[in-house]
1. Magnitude of the Cβ-charge dipole of the chain, K/R +1 and D/E -1, about the Cα centre, nearest 20 debye?
2. Subtract the Cα-Cα distance of Asp97 and Asp113 from 0.36 nm times their separation in residues, and report this length gain in nm to one decimal.
3. Can you bin every Cα-Cα distance in the chain into 5 Å intervals starting at zero and give me the percent of pairs per bin, rounded to whole numbers?
4. Rounded to the nearest 500, what is the chain's calculated 222 nm mean residue ellipticity when only DSSP H runs of at least 4 contribute -39500 (n - 2.57) each, over all residues?
5. Using packing as a proxy for protection, rank 68-80, 36-48 so that the peptide with the highest average count of other Cβ atoms within 10 Å comes first.
6. Starting from the Cα of Lys46, step 7 Å along the direction of its Cβ; do the same at Lys76; then give the gap between the two resulting points in nm.
7. If pairing requires two Cys Cβ atoms under 4.7 Å apart, which cysteines of the chain are left without a partner?
8. Rounded if a/c is under 1.5, else prolate if a/b is larger than b/c, else oblate: which is region 24-66, with a ≥ b ≥ c the root eigenvalues of its Cα gyration tensor?
Amino acid sequence: MSQPETLDLAPLDEVIDEFAGKSGALIPILQRAQDIFGYLPPEVLKHIAERTRTPLSQVYGVVTFYAQFYLTRRGKYIIRQCDGTACHVRGAAKIIDAVERELGIRAGETSPDYKYTFEVVYCLGSCGLSPVAVINDKVHGRLTPEQMIRTIRELK
Ligand code: FES
């Protein structure tokens, strides 16, 4: 996702207008804002607070409470490698090492060009396919480090 110098808040205004006068709108507005911008930068949160007449502290309170919201920019590709028990015993640690080497970032980090965010999670609910990773919404099962690197290179 390319990042403009100044954010165009017009699509966000459309969303806020849609929810005008509805109670309980803050979370859906934040979700839609994150869909638009990929994360929730301070400018966006301030705009939402002003337009919905919600104290900014309350907006931050919601965003920091729910794990689904991101305050920092994320990569175009979100790579989640499972290191839960089933995946761990089938070699997930080696995949994690290989991905960190390939991308030059550690788990939990985003590459400087904002192409990749790499995360380690603990059970993706597909233990039968272990070791498993999810790249954006696609599940990759029975992975080896080599397959994982090949898959990542194909994203480029
Ligand atoms: S432990 Fe990895 S999918 Fe369940």
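The numbers here are math on the coordinates, done by the rules we state, and not lab data. Remember, predicted model here, so these are calculated numbers, not experimental data. When we count neighbours, we look across all protein chains shown, and the Cβ atoms used for this are built from the backbone with ideal geometry, even at glycine.
1. Rounded to the nearest 20 debye, it is 500 debye.
2. Going from the current span to full extension adds 3.7 nm.
3. Pair shares across the bins are 2, 9, 17, 17, 14, 12, 11, 9, 7, 3, 0.
4. Helix-only estimate at 222 nm: -13000 deg cm²/dmol.
5. 36-48, 68-80
6. 2.9 nm
7. Cys123, Cys127, each lacking another Cys Cβ under 4.7 Å.
8. rounded
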